[in-house]
Amino acid sequence: REVSWARRCVQETVFDEDRGFLWLADPTGLYYYNITDRQWYLFSTIGTNGYGASLLYRNNTLYLIEGGGSSYLYIYDLSNWRTTPDIVDLGYFVGVYGVAEIADNVIYIITGNNDAYFISFNTRNYSIEEHEIAPTAYPVGLTYDHDRNRLWIIGKGGGLFYYDLANNTWKQYSIQLPYTPQGQGNRLEYYSNKLYHFRDDGTRELWIIKLG
């Protein structure tokens with residue numbers, strides 16, 4: 001469906017399975033799309049700060065990592081439809097190559113841009129922990145594999161790695177991807193024993209990686 005020109009500068013989207021809403025964050029604010037009446041609605045004027053932003057949803061809560069060199073995380077409690085978020089300073093600047101993913105009750109973040117800090121944010125007690133440095137400072141995809149309890153990551157110039165959440169270690173996958181220079185954004189998803197990666201280098205390619 002065609003959306004207005006104002007929404008074409010989209011930075012991040014996430015689906016709210018409890019309401020059937022598609023949430024969208026861009027530099028002008030936070031919006032949701034109601035699939036019943038097919039209309040966009042403004043929820044908050046707090047939006048992204050540029051590339052590296054992340055929008056995550058879990059248990060009636062939205063998490064917006066501002067990106068673009070910001071260290072702020074905005075938390076919206078949707079159970080009470082609160083438009084005023086809790087604001088957390090992560091203590092780490094998330095650059096334009098920042099990516100994030102949620103697994104159970106923990107948000108994992110790679111800050112990107114000249115450093116590869118790998119941190120976690122516990123959504124229950126708001127604690128922040130630093131982990132082993134990520135294998136790339138320029139990730140273009142991070143996703144959670146619930147079947148193996150792993151985080152998968154693809155780097156800007158290629159390379160496929162995973163983080164073993166049980167042992168807290170990064171490992172290189174046995175099969176590596178070719179060199180493919182790509183732009184910013186989190187374009188990796190896991191579903192049914194496969195990784196899906198959308199390239200961003202003018203090829204319009206979708207990579208489907210079947211895991212062994």
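The values are calculated or read from the model by the stated rules, or taken from the named source; none is laboratory data. Just so it is clear, the model here is predicted, and its values are computed rather than measured. Reconstructed Cβ throughout: ideal geometry from the backbone, glycine too, with neighbour counts over all protein chains shown. Ligands, DNA and RNA are stripped out before the accessible areas are found, and what is left, the full protein with its side chains, is counted by its heavy atoms. Shrake-Rupley method; radii C 1.70, N 1.55, O 1.52, S 1.80 Å.
Miscellaneous remarks
- Looking across the range 148-159 at every residue that is touching a Ser or Thr at 6+ places or on another chain (Cβ under 9 Å) and of a type outside the set (Lys, Arg), the one that is farthest from LYS210 (Cα to Cα) is identified as GLY157.
- Whichever residue in the range 76-99 is touching a residue at least 60 places away in the same chain (Cβ under 8 Å) and in a loop (DSSP other than H, G, I, E, B) and, among such residues, is most open to solvent (accessible area, probe 1.4 Å): VAL96
- A search for C-beta distances below 9 Å between a residue of the range 168-180 that is under 16 Å from LYS156 (Cβ atoms) and any residue that is of a type in the set (S, T, N, Q), counting only pairs 6+ apart in sequence or on different chains, returns THR180/THR203.
- With respect to the conditions (1) open to solvent by less than 40 Å² (accessible area, probe 1.4 Å); (2) part of a strand (DSSP E or B), GLY158 falls short on a single one, namely (2).
- Criterion applied to LEU30, LEU22 was being open to solvent by less than 10 Å² (accessible area, probe 1.4 Å), touching a Phe, Trp or Tyr at 6+ places or on another chain (Cβ under 6 Å) and assigned to a strand (DSSP E or B), and the one residue passing it is LEU30.
- Any hit, the range 127-149, residues being farther than 22 Å from ALA53 by Cα, in contact (Cβ under 8 Å) with a residue 12 or more places away in the chain and either of a type in the set (Val, Ile, Thr) or not in a loop (DSSP other than H, G, I, E, B) (or both): no
- Being farther than 23 Å from VAL88 by Cβ, of a type in the set (D, E, K, R) and under 17 Å from the mean Cα position of the chain (by Cα) holds for only one residue in ASP145, ASP104, and it is ASP145.
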